[in-house]
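Q: The structure is given below, and queries will be raised subsequently.
The values are calculated or read from the model by the stated rules, or taken from the named source; none is laboratory data. Since the model is a prediction, treat every value here as computed from it, not as a measurement. Every residue, glycine as well, gets a Cβ built from its backbone with ideal geometry; the counts of neighbours run over all protein chains shown.
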Amino acid sequence: MAKSLDPLKTYRAKRDFDRTPEPSGETRPRRKAEKSAQRRKPRFVVQKHDARRLHYDFRLEVDGVLKSWAVPKGPSLDPRVKRLAVRTEDHPLDYARFEGIIPEGEYGAGTVIVWDEGTYRNLMQDKDEKLSMAQAIDAGHVEVWLQGRKLRGGFALVRLKPRAGERRENWLLIKMRDEAAVEARHAADTADPESVLSGRTLEEVEAEENDV
Ligand code: MN
């Protein structure tokens, strides 16, 4: 499979790291760290992002970067609910710990908290085709088992057929039916808005950083 030399090229092109506190992803993991990354479970993170429109960024660690989708309504635990998930550019691994304010005028300006994090397992690896995560994303059908603090169990990401002239990749994020499913049509967030890193809400991060 052809691989782009720098998977973070688009990520970097959109940002001015003299202005935004977001990580540049320039510090490449050393070979030793890369080897241990192959042994440990891959990570996922969901960031809550109060940008032009409030949304959740769903990110899965795949081959040294965070594959990313913006989910306007956030993940649902109800298997009957299909949430739009728009594919966005790959992010660096250290973005998974990023919380703070992206300044006005910069790409994605607004406040970010780490709403959930944990590890995941690629369920497509258990099927006959034994697809890697990269292959599953290319094929437009991903199934993962999340072990987060808030999100648990199986989640599917399914790519929709592009409409004529549509340049963005639209996917659906759907809770799979298992013991972690909850048949209630509310956003997963309503009862649980805080960061799993700092315990802060978006509003608290905004208030604190504006105090400095
Ligand atoms: Mn975002």
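Q: Residue under question is K175, and the condition is that it be away from the ligand (no atom under 16 Å from the Cβ) and out of contact with any Pro (no Cβ under 7 Å at 6 or more places or on another chain); does it hold? Even if it seems obvious, please write down each step before you answer.
A: Values: away from the ligand (no atom under 16 Å from the Cβ): yes; out of contact with any Pro (no Cβ under 7 Å at 6 or more places or on another chain): no.
Considered against the rule, which asks whether it is away from the ligand (no atom under 16 Å from the Cβ) and out of contact with any Pro (no Cβ under 7 Å at 6 or more places or on another chain), K175 comes out as no.
Q: Can you find a residue that is without any contact (Cβ under 8 Å) to a residue 40 or more places away in the chain, touching a strand residue (DSSP E or B) at 6+ places or on another chain (Cβ under 8 Å) and surrounded by 15 or more Cβ atoms within 10 Å (Cβ to Cβ) anywhere in the range 88-111?
A: Scanning the range 88-111 turns up at least one residue that is without any contact (Cβ under 8 Å) to a residue 40 or more places away in the chain, touching a strand residue (DSSP E or B) at 6+ places or on another chain (Cβ under 8 Å) and surrounded by 15 or more Cβ atoms within 10 Å (Cβ to Cβ).
Q: Taking the condition basic (K, R), out of contact with any Lys or Arg (no Cβ under 7 Å at 6 or more places or on another chain) and surrounded by fewer than 19 Cβ atoms within 10 Å (Cβ to Cβ), does K175 pass?
A: Values: basic (K, R): yes; out of contact with any Lys or Arg (no Cβ under 7 Å at 6 or more places or on another chain): yes; surrounded by fewer than 19 Cβ atoms within 10 Å (Cβ to Cβ): no.
Judged against the criteria, K175 is not a match.
Q: Specify which of the listed residues (A191, A139) is farther than 30 Å from P21 by Cβ, more than 16 Å from the ligand (Cβ to nearest atom) and over 15 Å from the mean Cα position of the chain (by Cα).
A: Numbers: A191 fails: farther than 30 Å from P21 by Cβ.
Residue meeting the stated conditions: A139.
Q: Let me ask something else about it. Test G153 against the criterion of being modelled with pLDDT of 95 or more and loosely packed, with under 15 Cβ neighbours inside 10 Å, and give yes or no. Please lay out each step first, then the result.
A: Details: modelled with pLDDT of 95 or more: yes; loosely packed, with under 15 Cβ neighbours inside 10 Å: no.
Against the criterion (modelled with pLDDT of 95 or more and loosely packed, with under 15 Cβ neighbours inside 10 Å), G153 does not qualify.
Q: Also, I was wondering about something else. Looking at A187, A164, A191, can you tell me which residue is modelled with pLDDT under 95 and touching a Ser or Thr at 6+ places or on another chain (Cβ under 8 Å)?
A: Details: A164 fails: touching a Ser or Thr at 6+ places or on another chain (Cβ under 8 Å); A191 fails: touching a Ser or Thr at 6+ places or on another chain (Cβ under 8 Å).
After ruling out the rest, the residue left standing is A187.
One line per residue, one yes/no per condition, for (1) small (G, A, S); (2) within 15 Å of the ligand (Cβ to nearest atom); (3) part of a loop (DSSP other than H, G, I, E, B):
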residue: Q47; (1), (2), (3): no, yes, no
residue: Y56; (1), (2), (3): no, yes, no
residue: E61; (1), (2), (3): no, no, no
residue: K67; (1), (2), (3): no, yes, no
residue: G74; (1), (2), (3): yes, yes, yes
residue: D78; (1), (2), (3): no, no, yes
residue: R87; (1), (2), (3): no, yes, no
residue: D94; (1), (2), (3): no, no, no
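Q: Right, something else. For residues in the range 142-157 being among the basic types (K, R) and not in a strand (DSSP E or B), which is nearest to the ligand (Cβ to nearest atom)?
A: Looking only at the range 142-157, we keep the residues that are among the basic types (K, R), and these are 149-150, 152.
Now drop any that are not not in a strand (DSSP E or B), which leaves 149-150.
Details: R149: 20, K150: 18 Å.
Among them, the one singled out is K150.
Q: Taking the range 102-126 only, how many residues are more than 12 Å from the ligand (Cβ to nearest atom) and assigned to a strand (DSSP E or B)?
A: 8
Q: Follow-up. Restricting the search to the range 25-50, which residues are modelled with pLDDT under 95 and surrounded by 15 or more Cβ atoms within 10 Å (Cβ to Cβ)?
A: Correct list: G25, A37.
Q: Considering only residues that are closer than 12 Å to L172 by Cα and among the aliphatic types (A, V, I, L, M), look in the range 51-86 and name the one that is modelled with the lowest pLDDT.
A: Once the filter is applied, the top-ranked residue is V81.
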